[in-house]
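J.: Right, I'll just put the structure down here and ask away after.
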Amino acid sequence: MKPEKIDIEQARHATGLRIVTLAYIPSPWGEALKGILHIKQLPHARVGHVFGSPTTTLREWSGQDSFPVMAWNDEPPRTTWIDQLNLAERLAPTPRLIPEQFEDRVLMFGYCNELFGENGIGWTERLRGVHEQITKPGGDPAGVSAYLGKKYGYTPEIGERATQRVASGIAALAKRLQEQKSRGSRFFIGDNLSAMDVYWAASSNAMKPLVPELCPMSDQIRQVFTIIEPSIVDAMHPILIEHRDFIFKNYLELPVDLS
């Protein structure tokens, strides 16, 4: 069932499950949340926020202006990936996306944090992009890059270290999947789908997007979200994209709807 599309004012005063995501941009956090709701078949209403539009209402409602936001009835809006995952798991306990076994659960949350948490791969990749735009000839030092840099704590020193951190993190994820494959598993954790698989699928689609037929987006956005940094491209072992394609084909919605 397709989610109802509503605006931010409607979402703020509605009941039930609502999410606010960035529209027309393959933002990993928002796309992963949409994927989790799809897997759990959770009916919800969705706001597609166009980047650059006013966020006053969102800030008044959620206390911040980042995306995605997830709200359930009159409970406080959830603004972090871990709170959103826990709420989704509460509302739809099956299929599980948080492992039942203690060791697997700890391992999954550790990997998820390294990918989706503050200073994780996704966070650092955003800072790497800011650094690239600020330092290259003809870049964007005073526009979007300056906004994102201020928001995510950019400094030139952090920017200089970002490429190596992203590359080493991606290489570690590839090693994990290779180890899992050697023991007969198609998943990051144990033998079952978990949130980590969804988070990597969404993240990799913001580094090496799916083909246009499966993920329509403007040429400009596709260019922005296609990494060409050689060390990161080298770290992107084929098993990472194979895993991404497997997860999208078998568990997520295709073609991707970025609206």
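The values are calculated or read from the model by the stated rules, or taken from the named source; none is laboratory data. Keep in mind it's a predicted model, so treat the numbers as computed, not measured. All Cβ positions, glycine included, derive from the backbone under ideal geometry; neighbour counts span all protein chains shown.
J.: Residue under question is Ser53, and the condition is that it be surrounded by 14 or more Cβ atoms within 10 Å (Cβ to Cβ) and out of contact with any Asp or Glu (no Cβ under 8 Å at 6 or more places or on another chain); does it hold?
T.: When the stated conditions are applied, Ser53 does not pass them.
J.: When you look at Gln223, is it modelled with pLDDT under 95 and not in a loop (DSSP other than H, G, I, E, B), yes or no?
T.: yes
J.: Within region 187-233, restricting attention to residues that are of a type in the set (Gly, Ala, Ser) and farther than 20 Å from Ala23 by Cβ, which residue is surrounded by the most Cβ atoms within 10 Å (Cβ to Cβ)?
T.: Ala195
J.: So, in region 212-254, how many residues would count as being closer than 29 Å to Asp191 by Cβ and either free of Cβ contacts under 8 Å to residues at least 60 places away in the same chain or not charged (D, E, K, R) (or both)?
T.: Selection size over region 212-254: 21.
J.: Yes or no: Asp65 modelled with pLDDT under 95 and not in a strand (DSSP E or B)?
T.: Yes; evaluated as a whole, the condition is true for this residue.
J.: Ok, one more. Any idea how many residues of region 16-37 are surrounded by fewer than 16 Cβ atoms within 10 Å (Cβ to Cβ) and farther than 22 Å from Tyr147 by Cβ?
T.: 1
J.: What tally of residues in region 96-135 results from selecting those that are within 27 Å of Val50 (Cα to Cα) and either in a loop (DSSP other than H, G, I, E, B) or not assigned by TED's automatic domain parsing to the domain that holds Ile227 (or both)?
T.: 4
J.: Among the residues of region 30-49, are any touching a Gly at 6+ places or on another chain (Cβ under 7 Å), in contact (Cβ under 8 Å) with a residue 60 or more places away in the chain, among the small types (Gly, Ala, Ser) and not in a helix (DSSP H, G or I)?
T.: Scanning region 30-49, I find no residue that is touching a Gly at 6+ places or on another chain (Cβ under 7 Å), in contact (Cβ under 8 Å) with a residue 60 or more places away in the chain, among the small types (Gly, Ala, Ser) and not in a helix (DSSP H, G or I), so the answer is no.
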